[in-house]
Amino acid sequence: MLYAVGNHVVFHHDALINQPVVNAATAPSATPRPPGGGATPLSNAQLVGFLEKATVLVVATQSRGASVGTGFFVSPDRLLTNRHVVDRADRVLVTSRALGKPYPARVVAATDRGAVGGADYALLEVPGLAHEQLTLTTQIAKLQEVIAAGYPGVTIGNDADFRAFAQGQRNAAPDLVITRGEVNAIQINQAKVPTVAHTALISEGNSGGPLVDRCGRVIGINSYIAQKTTVTGFAIASSDLVEFLNKNGARIAVNNAPCVGADAAGR
């Protein structure tokens, strides 16, 4: 069975939270390159810091409550998330510990509504903001180590800072959740969309979050899961993201150089 990695919470007037359920600069960032070409793998501390700067919690308010997901900056004032995270929203806010407070965002482009597994993107603009962004790459390989960043409801529901944010504390934001896995398969799914099947744990609230390599480059956007006896996460591959972003005028950075020494860096 396929499930969009969507998430719905309810922010009541008395600030109570209903249980979360199903659901990453002042100038374009450049992935460091070692001598002789290639990109430089990041240490765990560098990678965490990089993702914490560029990944945000996305809150889309509606008459029936709010949906929450994840997004990541792809240019200084624009970020990418899944369309289903902000679909039919009256208002969209983005926040993170790096941002320090919530900012209003507006949807400037989005794919059409479709079945789970189809192209599912929304480009958000945060006017006046100049923020660090993630670089994209189309270089993907089986057994490659990958890292997912996001705000899964099952985890942030345990975070006092998330509850404080939901109660109106503007400078509060949940801690970014980061998991690690590897690429299982590179596929074209039933919706004719290039996807990356991977083992990095994602769940409700990870929608729209980045899946990155050891060099911190986005290889896909986490969008849905398949669950039978185990759970496999699926990210829509960055090749499709690049096409969508270029079509809609986002000033993105792409680096397709090899991530030299990534295997050793991940050990």
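Only the coordinates and a few stated rules stand behind these numbers; no lab work does. Computed from a predicted structure; not experimentally measured.
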(message) Give the aspartates and glutamates whose C-alpha is closer than 15 Å to that of residue 192, dropping any in the same chain fewer than 8 places away, or say none.
(response) 112, 120, 240, 243
(request) Round to a whole angstrom and tell me the spacing of the C-alpha centers of the range 33-105 and the range 192-251. (result) 13 Å
(message) Amide H of residue 146 versus every other amide H placed in the peptide plane: which residues, excluding those fewer than 5 positions away on the same chain, fall under 5 Å?
(response) 181, 182, 183
(message) Taking θ = phi - 60°, what integer Hz values does the Karplus form 6.51 cos²θ - 1.76 cosθ + 1.60 yield along the range 93-109, in sequence order, with x for Gly and Pro?
(response) 10, 10, 7, 6, 5, 5, 5, x, 6, x, 10, x, 10, 10, 7, 9, 7
